[in-house]
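The structure under discussion appears below in the form of C-alpha cells.
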Amino acid sequence: MKSFYFKLIKGQLNSRHIILLLVLLALWMYVPTLGLMELKSWDEAIYASISRTIFQTGDYLHLQYKGEPYFNKPPLFFYLTSWGYHLLGVNEFSSRIVSVLFGIACLILTYLFAKRLFSQNIGVIAVLLMLSNYHFFITVRHGRMESMVAFFIVLALYSFYRLMDDIKWIYAFALAIGLGVLTKGGMGLLPLLVIFPFLIFYPVWLKRMFSVHTLISIVLCLFMVLPWYLLQYQLYEAEYIRQFFDIQLVGRMKVAIEGHQGPWWYYLYRTSFYYFSNWSVLIFPGLVFIVWKSVQDKKPGNVLIAFFAWVILLLFSFGVETKL
C-alpha cells in the first residue's frame, strides 16, 4: 500500500492502477444517490416499464409497453435492465445501473484510446474532463441507452484504429457495430460514417481490411443482428416496417417528430452551455483545434478523432431534423 501511495505522488502509476482509480472515482460520483430520484417521464420511465414486463413475463421476443407492441428500439438495453431486476429487484437503482456501468466502461475506453493516440497523461485528462462535464454526468445517471450505444461507438472506432496492430481487431469492430445496432438501431452504424471518409485519406487502412477475417466478421455481425429484425418483421410485418424504419429511422431525419425541433447549433449549444461546466467553453475551440492539428501533423489518430467529432456533430445538426 505504501508503494502505491509513493507511485501516486510521483506520478509513476501504471495503466491498471490509473484505471482502478478512475473507476473508483466514477463509482463515487455516479452510484451513491443513483436510486434516490424517481424515474423521469418519457424515455427513462418507458424503458423501465418495458424491461419490467420482460422481467415479469419472461418474454424476450415481444417488446411491450402498456400491453402494446413497442417498435421504437431494439432489445439489448431492455434485456440487460431486466437481468438487473433479477439481481437487484425492480427499483430506480436497477433501472439505471446498466447506463452507469456502460458510462464507466466508456470512460475506461476513452482513457485507453487517448493514451494510444497521445499519452497516458492525455488519457487521464480526457477522462477527468468527461467526469466533470454535467451533460455526461446526467446522461450516465439516467436509465437510458445513450451511454451504452456511446460505448459501442467508441469501441468500434478504437478497434478500427487497432487494425494496423492486428487484423483480428476487425472482430471487435464488427462486434461493436452489431451490439450498437441491437442497442439503438441505426445509431450503432455511426462508426461506418466516420471511417468511410477516413479511408479516403488513408487507403492503407482499406488495404489492411482486405482479409478473410473481415469477411468472417461481417458474416458474424449479420448473424448477430438480422435474427431480431427478421423475427419482428415476421411477427408484425408492415406495421413494424412503418413504425421502426419509416418513423424512427427515416422519419426523424425528414421531420421533427414528437415536436422536438431546434436550430442547427442545437447540439453544440446543448453540450457546451445548456449543461454548463467549467470546461464547456473548450468544446467548440477543441473542435476547431483538432482539425488544425490534423492538417498540421497529418497523423492518422488526429484525423480519425477529427472525423469522429465533426461527422457526428454535422450529421445530427444538419442531417436529422428531430433534435433531442
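Working from label points 7 Å from Cα in the Cα-to-Cβ sense, the residue 42 to residue 229 distance is 2.6 nm.
State whether region 188-324 is rounded, prolate or oblate according to the following rule on the C-alpha gyration tensor (a ≥ b ≥ c being the square roots of its eigenvalues): a/c under 1.5 gives rounded; otherwise a/b larger than b/c gives prolate, and the remaining case gives oblate.
Oblate is the answer for region 188-324, as a/c is 1.5 or above yet b/c matches or exceeds a/b.
For the chain, what is the calculated [θ] at 222 nm in deg cm²/dmol (nearest 500), taking -39500 (n - 2.57) for each run of four or more DSSP H residues and dividing by its residue count? Helices in the chain give a 222 nm mean residue ellipticity of -20500 deg cm²/dmol.
Would you mind getting me the FRET efficiency between residue 120 and residue 270? Use the beta-carbon distance for r and R0 = 30 Å, nearest 0.05. Write down the numbers at each step before the final one.
Details: r = 31 Å, r/R0 = 1.03.
That gives a FRET efficiency of 0.45.
Counting only aspartates and glutamates at least 8 places from residue 207 when in the same chain, those with an alpha carbon closer than 16 Å to its own are 165, 166.
For the chain, compute Rh as the Kirkwood radius over C-alpha pairs and then the Stokes-Einstein diffusion coefficient at 10 °C and 1.306 mPa s; write the answer in µm²/s, rounded to an integer. Can you show the working numbers first?
Details: Rh = 21.3 Å.
For these conditions, the coefficient is 75 µm²/s.
Amide H contacts of residue 64 (H built 1.01 Å from N, in plane; Pro and chain starts excluded): 70 sit under 5 Å, all sequence-distant by 5 or more or on other chains.
If you sort the three axes of the alpha carbon gyration tensor as a ≥ b ≥ c, you get a/c of 1.5 or more for region 274-321 and a/b no higher than b/c, which makes it oblate. Cα centroids of region 126-143 and region 171-230: 27 Å apart. Pick from 123, 103, 286 the residue whose mean-square fluctuation is largest in a GNM of the chain, springs joining Cα atoms under 10 Å. Fluctuation is largest for 286. Please state, rounded to one decimal and in Å, the Kirkwood hydrodynamic radius that region 163-249 gives when every pair of distinct Cα atoms enters the mean of 1/r. About 14.4 Å for region 163-249. Helices meeting the span-like rule in the chain (full DSSP H runs, Cα extent of at least 15 Å along the helix axis, mean Kyte-Doolittle score of 0.5 or higher): 15-30, 76-88, 92-117, 120-131, 146-161, 169-184, 190-201, 212-236, 283-297, 300-314. Dipole magnitude for region 23-99: about 60 debye, using +1 per Lys or Arg Cβ and -1 per Asp or Glu Cβ, origin at the Cα centre. A crude spin-label estimate for the pair residue 216 and residue 293, with each label 7 Å from Cα along the Cβ direction, gives 3.6 nm.
How charged is the neighbourhood of residue 31? Take every other residue with its Cβ under 11 Å from the Cβ of residue 31, and add Lys/Arg as +1 and Asp/Glu as -1. Each step should come with its number before you reach the end.
Details: positive: 96, 141; negative: none.
With Lys, Arg at +1 and Asp, Glu at -1, the net is +2.
Using the Cβ-Cβ distance between residue 281 and residue 21 with R0 set to 41 Å, the FRET efficiency works out to roughly 0.90.
Read-outs: derived from the displayed coordinates by stated rules, not from any lab. Note that the structure is a prediction, hence the values are computed from the model and not measured. All Cβ positions, even for glycine, are placed from backbone atoms using ideal geometry, and neighbour counts span all protein chains on display.
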